[in-house]
Each structure stands twice: as C-alpha cells, then as structure tokens.
Amino acid sequence: MPKKARVKKSPSKVRGVLVILSNRLDTFHKLKFFELKADDEGTILKQRKLSATPSKAIYDEVWENDEGRAELESCNRFKRRYGHKWQRK
C-alpha cells in the first residue's frame with residue numbers, strides 16, 4: 001500500500017494589528033490601545049495592552065470599536081480604518 005504524500009504548510013505571515021477602543025457618545029472617554037499579533041487565518045497569537053498612544057506607524061492593520069467597551073473580549077464588532085496614521089504605508 002503506497003504512503004500518502006504529506007502536504008507542507010507554507011509558513012503563515014504574522015501581521016501586527018492595532019485595536020482602538022473608544023466611545024462615540026462620550027468623546028472625553030480615554031482611548032484604549034491593544035496590540036495584536038495574528039496569522040493569516042485570523043488566529044490571535046499574542047495580545048498586549050499598550051500603556052500609551054503609539055508613536056510610529058508600525059501596524060499592518062488598524063481596527064476600531066467605538067461602543068465604549070472596557071475590554072477587548074467584550075467587543076462584538078470592529079471597523080477597519082484604512083489609511084490610518086498608525087498604519088504602515
């Protein structure tokens with residue numbers, strides 16, 4: 001009986017994602033920033049909360065939730081921001 005050929009997976013690209021949590025109803029609400037590392041399938045590999053506003057455009061994608069949520073896990077919807085100032089050119 002012949003052996004089945006194994007299919008090699010190509011290494012998935014890891015992309016950096018900036019998530020901004022804001023509140024559209026209360027503009028004085030402090031923004032919260034999260035940095036995510038995700039693969040091509042959308043699986044979150046690493047997550048960390050940023051203590052300050054990002055200073056450089058180093059992210060592949062920028063996503064925003066403006067429902068006024070406190071934590072990333074409680075958010076249901078995100079809007080992708082194209083051409084954001086913190087997105088890599």
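The values are calculated or read from the model by the stated rules, or taken from the named source; none is laboratory data. In this text, all values refer to a predicted model and were calculated from it rather than measured experimentally. All Cβ positions, even for glycine, are placed from backbone atoms using ideal geometry, and neighbour counts span all protein chains on display.
Observations
- Enumeration of residues in region 26-72 that are among the basic types (K, R) and exposed (fewer than 14 other Cβ atoms within 10 Å of the Cβ): K30, K46, R48, K49, K56
- Residue within region 1-13 that is surrounded by 10 or more Cβ atoms within 10 Å (Cβ to Cβ), part of a loop (DSSP other than H, G, I, E, B) and modelled with pLDDT of 90 or more present: no
- Taking region 32-75 as the range and being farther than 17 Å from W86 by Cα, over 9 Å from the mean Cα position of the chain (by Cα) and of a type in the set (V, I, T) as the test, only T43 passes.
- Within region 53-89, if we keep just the residues that are free of Cβ contacts under 8 Å to residues at least 12 places away in the same chain and of a type in the set (G, A, S), the residue that is nearest to L21 (Cα to Cα) turns out to be S74.
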